[in-house]
Amino acid sequence: MKKRYIISGIFFLLFITITILMITNNIKVFDDTIYNYIFSLRNDSLDITFKTITKFCNTITVIIFVIILVIFLERKSMWKLLITVVSTVLVNQLLKHTIRRIRPDHLRLIEERGFSFPSGHSMTSIALYGILIYLVYKYIKNKILKIILIALLTLLILGIGISRIYLGVHYPSDVLAGFFLSSSIIILVVTIIDNHFRGNINDKDSCK
């Protein structure tokens, strides 16, 4: 369990590092380089592809996925999902309105409101599809199926992050910061809930 806390802390420190670099305007070269390269890849087919991929983390899509999963998941996994998604959304909105970074204002392929840092889609993609990766890893016994599902979910998460840059609504540092912070949150939530349920089992055993 201690290793999980350490890994969560490392992801959080990476988020803090990017945040400091962004606030001090020392990440502009990185943002501009990645931003311009991804823009150079634009074509009609990729426009359609990334406009579709980004919808996998739109609010309505996330709500539908969460409702479906809550119905079918057992209690511990359900709490992991709900607490991770809700806490991620709340933390994201708090940070957006505290830092108040303005979104890129040119070459947008879609319209988005609100502030830019950190990327809400990136954070939510880790919260939702990251939990699914965790559940697949833990409960799917067929190794081939497990590898395929984890690979597809990982590609989806990366695709959502890249789509936000490609569509011109986020800087690369917004996406990376979102990935790192949400990874920290998901590991922390899973660890705390595992400890809670393990503690309850031990309490029940001691009462027998």
Looking for whichever is on the phi < 0 side of the Ramachandran plot, surrounded by fewer than 16 Cβ atoms within 10 Å (Cβ to Cβ), part of a helix (DSSP H, G or I) and under 17 Å from the mean Cα position of the chain (by Cα) here; the options are L94, L82. Which one fits?
L94
Of the numbered conditions (1) farther than 23 Å from V66 by Cα; (2) polar (S, T, N, Q); (3) in contact (Cβ under 8 Å) with a residue 12 or more places away in the chain, S122 satisfies every one except a single condition; which is it?
(1)
Within the range 152-173, tally of residues that are surrounded by fewer than 22 Cβ atoms within 10 Å (Cβ to Cβ) and not in a helix (DSSP H, G or I):
1
Of the criteria (1) touching a residue at least 60 places away in the same chain (Cβ under 8 Å); (2) touching a Leu at 6+ places or on another chain (Cβ under 7 Å), which one I133 fails:
(1)
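Here is a list: L176, L107, L128, L149. Which entry is in a helix (DSSP H, G or I) and surrounded by fewer than 19 Cβ atoms within 10 Å (Cβ to Cβ)?
Within the list L176, L107, L128, L149, the selection yields L149.
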Quick one: which of I34, I18, I10 is out of contact with any Cys (no Cβ under 8 Å at 6 or more places or on another chain), modelled with pLDDT under 95 and either in a loop (DSSP other than H, G, I, E, B) or not acidic (D, E) (or both)?
I34
Residue pairs qualifying under the 8 Å Cβ cut-off, at least six apart or on distinct chains, with the first in the range 73-86 being closer than 15 Å to T61 by Cα and in contact (Cβ under 8 Å) with a residue 12 or more places away in the chain and the second being buried (at least 16 other Cβ atoms within 10 Å of the Cβ) and hydroxyl-bearing (S, T, Y), are V85/T124
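The values are calculated or read from the model by the stated rules, or taken from the named source; none is laboratory data. These numbers come from a predicted model, not from an experiment. FYI the Cβ positions are ideal-geometry reconstructions off the backbone, even for glycines, and counts take in every protein chain you see.
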